[in-house]
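Right, one structure below, let's go through it.
Read-outs: derived from the displayed coordinates by stated rules, not from any lab. Note that the structure is predicted; figures quoted are calculated from it, not measured. Because the Cβ atoms are built from the backbone with ideal geometry, glycine has one as well, and the counts that use them run over all protein chains shown.
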Amino acid sequence: MRVIAGKYRSRALTAPEGLEIRPTSDRLRETMFNILAARMELRGCRFADLYAGTGAVGIEAISRGATHCWFGEKAAPALKSLRGNLAKLGVSGTEFTVEEKGAGGLLGRFQKLGLAMDLVFIDPPYEAEGEYSQTLGALGRGNLLAAGGLVIVEFATKGKFKLAERYGALVQTRVYKQGETSLAFYGFPAVDDVADGGNAPPE
């Protein structure tokens, strides 16, 4: 596992042994950031890596120029790996925040501080349907996503449940499948889309 591009390009990342931590693959991470780079400026963005695990996705965002990344993780082995990767790369403490209460604690912090993210990445355990719906529901209800921001969700292509096309104000705009893993993109519909019925057309 390595950083794909940016100032930490090709630097190795580590993950704890065992099946409890499932890092996003290098290939899928590269695909995701290529898609994002084609539609928005990554440099200077505010990025949230929920269910961060090893921190590979958020570290990739920092490497590519995100001004700050907030990591949400509460599992002790993952936190150790995450902090180890940040330290090994020498990532400045001004570039990241680690919330040890996990995704829920991080969203609560955003709400309390009035912070809105430009990009949010969600990758709970694939079987944790409640985590998906609860987190996406919170993002769809609150002012936690900036105008023009995106939520990217990693999930099992042939999982036991399907993501909804809408969570509150969030509307699914695109699904990208890569083998056994898929990415769903959510955002707020434009004013014209709302006038036409509230459904943003697929990209």
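A compact table of results
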{"read-out": "Gain in span if fully extended, residue 157 to residue 134, counting 0.36 nm per residue against the direct Cα distance", "value": "6.3 nm"}
{"read-out": "Stokes-Einstein D (µm²/s) once Rh is taken as the Kirkwood radius of region 1-103 over alpha-carbon pairs, at 37 °C in 0.692 mPa s", "value": "244"}
{"read-out": "Label-point gap, in nm, between residue 95 and residue 147 - each point 7 angstrom along Cα→Cβ", "value": "3.0"}
{"read-out": "Considering only the chain, percent of DSSP beta bridges that pair antiparallel, nearest 5", "value": "45"}
{"read-out": "Förster radius 25 Å - calculated FRET efficiency between residue 176 and residue 74, Cβ distance, rounded to 0.05", "value": "0.35"}
{"read-out": "Charge context of residue 140, other residues only, Cβ under 14 angstrom, K/R +1, D/E -1", "value": "+1"}
{"read-out": "For the chain, radius of gyration divided by Kirkwood radius, i.e. Rg to Rh on alpha-carbons", "value": "0.94"}
